[in-house]
Amino acid sequence: MVVEISLLVFLFIATPPVQGLPQKSFGQIVQQADAARVADRTNDAIALYSEGVRLRPSWSEGWWSLGSLLYDQDRFSEAESSLKRFIAIAPKPAPAYAFLALCEYETHEYDHALQHFQAWAREGSPGTDELIDVAGFHWALLLTRGGRFPQALYLLDAKAQKLGGTPALIEAMGLASLRMPSLPEDYPAQQRELVWLAGKAAYYASAHEPYRTQEYANRLLTRYGGQPNVHYFRGTLFAFEKDRSAEAEEYEQELKISPQHVPAMVELALVRVYQERSAEAVPLAERAAALEPKNSRAHYALGWGLVDTGRPQEGARELERAKQLAPDSAAIRFILAKAYRTLGQKEQAKRESAAFLALKDKQEVLAYSQEKTRMPKQSGPPKQQ
């Protein structure tokens with residue numbers, strides 16, 4: 001009992017009352033937090049910023065600094081909370097959406113991450129070059145995971161031209177090119193060579209090196225020609241070279257392996273339209289649209305084929321459906337204007353021509369990566385009647 005009482009007395013004497021400590025002002029905390037950050041005393045800075053936002057929850061700069069420091073420390077779950085608070089109160093939070101999405105990627109909250117990458121894009125994708133590169137790459141990975149392969153390839157193509165053929169980029173391009181809805185860490189190990197060969201071919205196509213592209217595409221076809229999506233991917237490579245006959249042959253081969261392959265049906269239909277064989281395009285596109293009613297490209301191919309085979313009224317309906325599904329597609333607006341001109345609906349044709357002009361040079365990430373190869377050649381806007 002004596003020992004216990006003595007220990008209590010010692011603790012009481014050694015620990016002065018908390019209320020006797022001098023309290024820092026908010027301004028002092030801000031200064032000390034900023035100084036700690038500049039001096040790379042990260043743990044001190046995190047503690048000080050945490051104290052600052054506790055005292056003043058409306059301090060948006062403090063939430064941003066705290067979130068970014070936690071992100072740099074790979075403390076992603078904690079960083080998420082701070083970045084969400086910043087986004088809620090900051091007048092211009094756009095870059096934070098990308099950081100938040102990257103945190104959510106790391107914590108496997110993939111659907112939320114995809115939403116926040118899209119929010120970042122709607123604000124113009126602001127940030128440093130490093131942030132844009134990292135965020136764009138991870139966004140592409142999530143688009144691939146979600147089955148949005150053309151959009152993923154659009155992003156990866158831009159990264160490839162800027163950063164070169166890094167192993168991570170090659171792998172990502174291979175997954176998207178083969179339409180494999182997986183993250184790099186998730187797909188089977190026995191498919192590594194398949195993905196790598198496709199990725200190399202896709203990278204060299206992006207780099208405009210046709211001989212290297214065909215080298216890897218040929219190796220891919222030789223070793224894995226019986227696998228789904230290989231012939232389809234080879235067809236898309238011929239599309240960029242505008243070799244329509246070879247492209248069509250690859251899509252036909254793909255449909256022998258995968259009879260329900262909607263993208264192969266759609267692209268084959270578009271090739272037939274370009275070859276002035278629209279009568280063959282219509283049944284292909286009809287089948288594709290029936291299998292995937294929300295596939296804007298299927299309705300676009302069907303509408304174009306119908307217009308070219310003397311059925312503009314039906315074609316216009318399909319193209320309007322395509323426009324509803326993909327309002328940012330310049331190609332759809334171009335053919336829809338043609339349909340309305342054929343029908344003598346001058347005001348509607350004028351409206352769609354204006355939309356085409358507004359969209360044709362827009363770098364829209366949600367547009368199809370092949371749209372440039374499909375756009376009808378002309379030197380100006382669709383002619384008015």
With a 10 Å cut-off between alpha carbons and a GNM built on the chain, which of ARG341, ARG148, ARG122 moves the most? ARG122
Using every pair of alpha-carbon atoms in the range 51-143, split the distances into 5 Å bins beginning at 0 and state the percent of pairs per bin, rounded to integers. 3, 16, 27, 26, 18, 7, 3, 1, 0
Taking the Cα centre as origin and putting +1 on Lys and Arg beta-carbons and -1 on Asp and Glu beta-carbons, what dipole magnitude results for the chain, to the nearest 20 debye? 1480 debye
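Among residues other than PRO57 whose Cβ falls under 13 Å from its Cβ, what is the net charge (Lys/Arg +1, Asp/Glu -1)? Walk me through the numbers before you get to the answer.
Numbers: positive: ARG54, ARG56, LYS84, ARG85; negative: GLU51, GLU61.
Net charge in that neighbourhood comes out at +2.
For the chain, which longest stretch is free of loop sites, where a loop site is one of the GluC sites (Glu not before Pro) that DSSP puts outside H, G, I, E and B and that has at most 11 other Cβ atoms within 10 Å? Let's see the in-between values first.
Working: sites that count: GLU185, GLU276.
In the chain, the maximal stretch lacking such sites is 1-184.
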Could you please report the charge total around ALA94, scoring K, R as +1 and D, E as -1 over all other residues with beta-carbon less than 11 angstrom from its beta-carbon? +1
Rounded to whole Å and sorted largest first, list the principal axis extents of the Cα atoms in the chain. 103, 54, 38
Hey, if you put +1 on the Cβ of every Lys and Arg and -1 on every Asp and Glu Cβ in the chain, which of ALA140, LEU102, TYR274 ends up farthest toward the positive end of that dipole? TYR274
Residue separation times 0.36 nm, minus the C-alpha to C-alpha distance between ILE89 and ALA358: what's the value? 93.5 nm
Listing THR222, THR342, THR144, THR236 by rising number of other beta-carbon atoms within 10 angstrom, fewest first, gives THR222, THR342, THR236, THR144
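Taking Cα pairs under 8 Å and at least six residues apart, what relative contact order does the chain come out at, in percent?
Relative contact order here is 7 percent.
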Give me the net charge for the shell around TYR110: Cβ to Cβ below 13 angstrom, other residues only, Lys and Arg +1, Asp and Glu -1. -4
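Only counting other Cβ atoms within 10 Å, I'd like LEU114, LEU153, LEU325 sorted with the fewest neighbours first. Mind showing how you got there, number by number?
Values: LEU114 20, LEU153 25, LEU325 17.
The fewest-first ordering by Cβ neighbours comes to LEU325, LEU114, LEU153.
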So if each residue of separation counts as 0.36 nm, and I subtract the Cα-Cα distance between ARG277 and PHE26, what length gain in nm does that give? 83.0 nm
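In the range 289-327, which trypsin sites (Lys or Arg not before Pro) fall in coil by DSSP and have 11 or fewer other Cβ atoms within 10 Å? Spell out each step's value before the answer.
Details: sites: LYS294, ARG297, ARG317, ARG321, LYS323; in loops: LYS294.
In loop regions of the range 289-327 (DSSP not H, G, I, E or B), the sparsely surrounded trypsin sites (Lys or Arg not before Pro) are LYS294.
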Distance violations [Cα-Cα > 26 Å] among LYS200/LYS360; LYS159/LYS200; LYS256/LYS360: LYS200/LYS360; LYS256/LYS360
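Values quoted throughout were computed directly from the atomic coordinates according to the rules given, and no laboratory measurement underlies them. Computed from a prediction, not measured in an experiment: that's the story for all the values here. Backbone-built Cβ (ideal geometry, glycine too); neighbour counts: all protein chains shown.
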